[in-house]
2 protein chains.
Amino acid sequence: MSQTVARAIDIISFVSVRHRTLGQIAEHLGVHKSTALRLLQTLEEGGFVRRVPGGAYGMGFQLIALGQLALDQVEARSLAHPILHELSEKYGHTVHLGELAGDQVVYVDKIDGRGTVAMGSRIGLPAQAHTAAVAKVILAYQDEKTRARILEGAALTRFTPTTITDADALEADLALTRERGWAEDDGEHEDYINCLALPVFDARGRVTHGISITALRAVAPLAELRAHVDDFREAAHQISKNLGWGGDAYGRR
Amino acid sequence: MSQTVARAIDIISFVSVRHRTLGQIAEHLGVHKSTALRLLQTLEEGGFVRRVPGGAYGMGFQLIALGQLALDQVEARSLAHPILHELSEKYGHTVHLGELAGDQVVYVDKIDGRGTVAMGSRIGLPAQAHTAAVAKVILAYQDEKTRARILEGAALTRFTPTTITDADALEADLALTRERGWAEDDGEHEDYINCLALPVFDARGRVTHGISITALRAVAPLAELRAHVDDFREAAHQISKNLGWGGDAYGRR
DNA sequence: ACTCCTCGTTGCAAATGTCGCAATAGCTAT
DNA sequence: ATAGCTATTGCGACATTTGCAACGAGGAGT
């Protein structure tokens, strides 16, 4: 809609990867250096980019400040964090909190487990709708219409042999999720990682959040995670209560 | 420089305070609603703002993601965090890590102490140059020219009776800081809060970072903080070593 | 020490993108 | 149903932005 703003945003994401010089940025945008310079000057004034020693541009501190502020505004976070922390401590696994926002599930909290390896998830980034257990569990509990709308935007890209790439199979997986009360990710995004996720209910009994427990298959295969599902559910239940939910452990009111 | 980008930035900070409707945003900018809408649509596409249930606009999740990314790029953070955490655990006070970036000192890490009260500092926000102990300690160790440049941009606003509002007095305070090796904030920003800060040396022996220990005067007055200064210095020293510094505990090489 | 590059920065006229208007569409509450 | 609100789209006028060219600063190589 607005070319200028789109370019400014492009600059920020370009610069977020690594520091860039004016020339590189201008070339990336396909505009004259003077044009890029004026955009950068405005962004710098706002603290969105900054000049690093050497003259290149990098992300500004205002981004950090706004990110923290935005994070603080995620109410569920503060209500869930202590419980998630406890869970992570107890089992040593990585724990996520996902929130449904618009048409995607976003990670809003993450507690790294012991001996964590590189994992794609990051607070603030959206989860893959068809592979991430948190996404699947939240999706499973949405009404038909919402689910269809979200899945429409999902590409069902194959990442591993177990990735569900068929829409009907995914629907079946979601039905199973509803039935047993939790979702699983059987190495569907990374071969060697599996997760188990449970729904969190809000004050109106809707599922707007989910928690997931992530572990290396070699450390804790799905079977082991399943063995602790009652304990995990207890944590999810606790968070639900913190969100003002008055139902029982099975999601009924 | 670029009106459009400036407006986009204005929108983000306006929306960061609380959710706003299109009308409010347009009025705030002093532009027609259709203009504001087009800016918002572009920002939404980039994830910088999002529509919240009800139709209003709020901060987008991309801000969280970028903020986290920017934070991860602050190298000193990961090197200092464990040490700061330990310090905070041991004394129960709030601990900050400040970094000199351009012409201001920015908080890049913060560990809340036990029984923390509201404090203005936030990760990503700049520290007051003339009151915050972290800012003063970093400033004290800059060369004449840098110090002058930074102080030029500082307003020396009075917040409390002890705030140093005179440039000469501030220079004297900084000289004292250099001499004894630490800076103090004797309720200069908030009456009831005092801090003690120490310099962190980088690989080239320059002070680009500082750590501060903050406490309620009622809990731990300056005299008590001073009693532990050797311990605090040990932590600062440890961080310096992590940054590749090879000097001794007094900042000499 | 000098020249040759490259990079960032500024003034200016052309033109592209943006702006406000007015009309349309969606929504809520009366 | 209707009034009154907010959000959204098409379009012509024009203000903002754009690319150019020229300048200054800094570094590398001779």
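The values are calculated or read from the model by the stated rules, or taken from the named source; none is laboratory data. Keep in mind that what you see is a predicted model, and the values were worked out from it rather than measured. We place every Cβ from the backbone using ideal geometry, glycine too, and count neighbours over all the protein chains shown.
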Counted residues, region A:150-187 - those being under 10 Å from A:His130 (Cα atoms), surrounded by 17 or more Cβ atoms within 10 Å (Cβ to Cβ) and within 17 Å of the chain's Cα centre (by Cα): 3
Quick check on region B:42-51. Is at least one of its residues of a type in the set (S, T, N, Q) and within 18 Å of the chain's Cα centre (by Cα)? no
Does B:Arg50 satisfy the condition of being surrounded by 15 or more Cβ atoms within 10 Å (Cβ to Cβ) and among the charged types (D, E, K, R)? yes
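Does B:His209 meet the test of being assigned to a strand (DSSP E or B) and not charged (D, E, K, R)? Before you say what the answer is, go through the steps one by one.
Values: assigned to a strand (DSSP E or B): yes; not charged (D, E, K, R): yes.
Yes: the conditions hold for B:His209.
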Identify the residue in region A:7-23 that is within 15 Å of DNA strand D (Cβ to nearest atom) and more than 24 Å from the chain's Cα centre (by Cα) and, among all such residues, is surrounded by the fewest Cβ atoms within 10 Å (Cβ to Cβ). A:Gly23
If you scan region A:72-101, which residues turn out to be in contact with a strand residue (DSSP E or B) (Cβ under 6 Å, 6 or more places away or on another chain) and closer than 22 Å to B:Glu44 by Cα? A:Val74, A:Gly98, A:Glu99, A:Leu100
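Would you tally the residues in region B:121-144 being within 12 Å of another protein chain (Cβ to nearest Cβ) and assigned to a loop (DSSP other than H, G, I, E, B)?
Keep residues of region B:121-144 that are within 12 Å of another protein chain (Cβ to nearest Cβ), which gives B:121-127.
Filter once more, so that each one left must be assigned to a loop (DSSP other than H, G, I, E, B): B:121-125, B:127.
Looking only at that region, the number is 6.
Quick check on B:Gly23: is it within 15 Å of DNA strand C (Cβ to nearest atom), over 30 Å from B:His228 (Cα atoms) and not in a helix (DSSP H, G or I)?
No, not satisfied.
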Can you give me the number of residues within region B:113-138 that are in contact (Cβ under 8 Å) with a residue 24 or more places away in the chain, closer than 21 Å to B:Ala70 by Cβ and of a type outside the set (Gly, Ala, Ser)? 3
Which residues, counting only those in region B:1-27, are under 16 Å from A:Phe48 (Cβ atoms) and either of a type in the set (Asp, Glu) or more than 11 Å from chain A (Cβ to nearest Cβ) (or both)? B:Asp10, B:Phe14
I'd like to know if region A:74-93 contains one or more residues that are among the β-branched types (Val, Ile, Thr), under 20 Å from B:Leu71 (Cα atoms) and either modelled with pLDDT of 95 or more or within 15 Å of DNA strand C (Cβ to nearest atom) (or both). no
The condition from (1) part of a strand (DSSP E or B); (2) touching a residue at least 40 places away in the same chain (Cβ under 8 Å) that B:Ala220 misses is numbered (1)
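Out of the residues in region B:36-70 that are in a strand (DSSP E or B) and more than 14 Å from DNA strand C (Cβ to nearest atom), state the one that is nearest to B:Ile123 (Cα to Cα).
Per the stated criteria, the residue is B:Met59.
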Condition met for B:Val95 (over 22 Å from A:Gly124 (Cβ atoms) and under 17 Å from the mean Cα position of the chain (by Cα)): yes
Residue within region A:81-103 that is within 11 Å of chain B (Cβ to nearest Cβ), assigned to a helix (DSSP H, G or I), within 13 Å of DNA strand D (Cβ to nearest atom) and over 20 Å from B:Val105 (Cα atoms) present: no
Pair list, Cβ under 7 Å, 6 or more apart: region B:28-40 residue assigned by TED's automatic domain parsing to the domain that holds B:Ile12, other residue exposed (fewer than 15 other Cβ atoms within 10 Å of the Cβ) and assigned to a helix (DSSP H, G or I): B:Lys33/B:Gly23
Can you name the condition, by its number, that B:Met1 falls short on among (1) away from DNA strand D (no atom under 12 Å from the Cβ); (2) of a type in the set (A, V, I, L, M, F, W, C); (3) surrounded by fewer than 15 Cβ atoms within 10 Å (Cβ to Cβ)? (1)
Hits in region A:1-20 (condition: touching a residue at least 12 places away in the same chain (Cβ under 8 Å) and part of a helix (DSSP H, G or I)): A:Thr4, A:Arg7, A:Ala8, A:Asp10, A:Ile11, A:Ile12, A:Phe14, A:Val15, A:Ser16
Subset of region A:28-76, residues within 11 Å of DNA strand D (Cβ to nearest atom), in contact with a helix residue (DSSP H, G or I) (Cβ under 6 Å, 6 or more places away or on another chain) and within 7 Å of chain B (Cβ to nearest Cβ), comes to A:Leu39, A:Thr42
